[in-house]
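Chemist: The structure that follows is given in the form of structure tokens.
The values are calculated or read from the model by the stated rules, or taken from the named source; none is laboratory data. Predicted model only: the values in this text are computed from it and were never measured. Don't worry about glycine lacking a Cβ; one is built from the backbone with ideal geometry, like all the others, and counts go over all protein chains shown. For the accessible areas, the whole protein counts, side chains as well, though only heavy atoms, and no ligand, DNA or RNA atoms are used. Shrake-Rupley method; radii C 1.70, N 1.55, O 1.52, S 1.80 Å.
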Amino acid sequence: MKRLKRPTLAGTAQAGHTVIHVLVVIAVAIAGGLLGWLTLVTRNPLDCVYPGAEALPDPPLFLLGVVSFFAGHILGRLVPEERTRATPRSRKWSRLAMVSVFLVASAVFFFEAVGTAEIAVGGPGGAKLEPITYYVRCAILHDKAQISGGVFTWGAIALTFFIAGHWFWGDRPVIRPRAT
Amino acid sequence: MDESFWGSLRAPIGQIAGALVVAALVGAFGGGALFERVFGVAPSSFVRESLAVSAACFFAFLLTTYRILRGEKPIDVHIPPSWNLFLSAALVILVGFLIGTTVFR
């Protein structure tokens, strides 16, 4: 009869690492799909003036972001004891992702500069661009007032801050080389 | 190699960080002047900050692409452990600022 392996701390960390990384990919795919679907089926609001404009600021939303960020940070401790080597294919995709992130971030911050200056598109009298924070606030208000009552907002905030805390500030244990 | 914070500034990551700071300054001041000429609007401090980050990201994009095309490794974004204390503090302040301006402004 095959003996069951006794769970070890390293095994638990390996399993936790796998579960988190699979769940994050699934959650990002679901959130991205939902956002794409919402973009297609909902009409853009002409402005962000809602009767319930007191929906922001929202302290619980702020708290959710902080908790998710630190949860991502702490769960960074769950790393496999033996790191796997990246395959050539994986290395190629990670390089493409790195280049894309820098290029998109550059475009986003240029848009932010133009939006912050509130420059009218197509000359004077055209629609004014706004800073990215304006669109974020607008999306939150629109979601709370007309779409899901804030469910999508909570999900997006939790996921975004969890990923930020986990990837950019993960509490990875330092693996020291063994003394010979 | 010197593993202190100051010693790590001589490592590739330190040199890259220095180049990014220079690119950000060029973006803030040179980019700001260009912005005013093109759009006819005097750049506020927020506009200059956005242009600085945009320029730094674009420089990182060019540098990464150049290195990959030459068959070298992309820029090494491995953060030296001696930077953790500074980065942790800066990151928490930055995230607090972003959440604060997004949610409370």
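Chemist: Does residue B:81 qualify as being modelled with pLDDT under 75, surrounded by fewer than 14 Cβ atoms within 10 Å (Cβ to Cβ) and more than 9 Å from chain A (Cβ to nearest Cβ)?
Modeler: For residue B:81, the condition - modelled with pLDDT under 75, surrounded by fewer than 14 Cβ atoms within 10 Å (Cβ to Cβ) and more than 9 Å from chain A (Cβ to nearest Cβ) - is not met.
Chemist: Got a sec? Which of A:65, A:72, A:76, A:115 is at pLDDT 85 or above, in contact with an Asp or Glu (Cβ under 8 Å, 6 or more places away or on another chain) and within 13 Å of chain B (Cβ to nearest Cβ)?
Modeler: A:115
Chemist: Show the residue pairs that are 6+ apart or on different chains and have beta-carbon atoms under 9 Å apart, the first residue being within the range A:85-109 and touching a residue at least 40 places away in the same chain (Cβ under 8 Å), the second being among the aliphatic types (A, V, I, L, M).
Modeler: Within 9 Å, no pair qualifies.
Chemist: Then there is this: Contact list please: Cβ distance under 7 Å, first residue in the range A:25-38 and within 15 Å of residue A:151 (Cα to Cα), second residue surrounded by 13 or more Cβ atoms within 10 Å (Cβ to Cβ), pairs at least six apart or on different chains.
Modeler: That search, which allows pairs on different chains as well, returns A:27/A:159; A:31/A:155; A:31/A:156; A:31/A:159; A:34/A:152; A:38/A:147.
Chemist: Quick one: residue A:94 ticks every box in (1) farther than 24 Å from residue B:48 by Cβ; (2) among the polar types (S, T, N, Q); (3) surrounded by 16 or more Cβ atoms within 10 Å (Cβ to Cβ) bar one, so which box is it?
Modeler: (3)
Chemist: So residue A:158 fits all but one of (1) closer than 28 Å to residue B:24 by Cβ; (2) touching a Gly at 6+ places or on another chain (Cβ under 9 Å); (3) at pLDDT 85 or above; what number is the exception?
Modeler: (1)
Yes/no matrix, rows are residues, columns are (1) within 11 Å of chain A (Cβ to nearest Cβ); (2) at pLDDT 80 or above; (3) open to solvent by 30 Å² or more (accessible area, probe 1.4 Å); (4) not in a helix (DSSP H, G or I):
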position: B:13; (1), (2), (3), (4): no, no, no, no
position: B:19; (1), (2), (3), (4): no, yes, yes, no
position: B:24; (1), (2), (3), (4): yes, yes, no, no
position: B:29; (1), (2), (3), (4): no, yes, yes, no
position: B:46; (1), (2), (3), (4): yes, yes, yes, no
position: B:73; (1), (2), (3), (4): yes, no, yes, yes
position: B:92; (1), (2), (3), (4): yes, no, yes, no
position: B:99; (1), (2), (3), (4): yes, no, no, no
position: B:103; (1), (2), (3), (4): yes, no, no, no
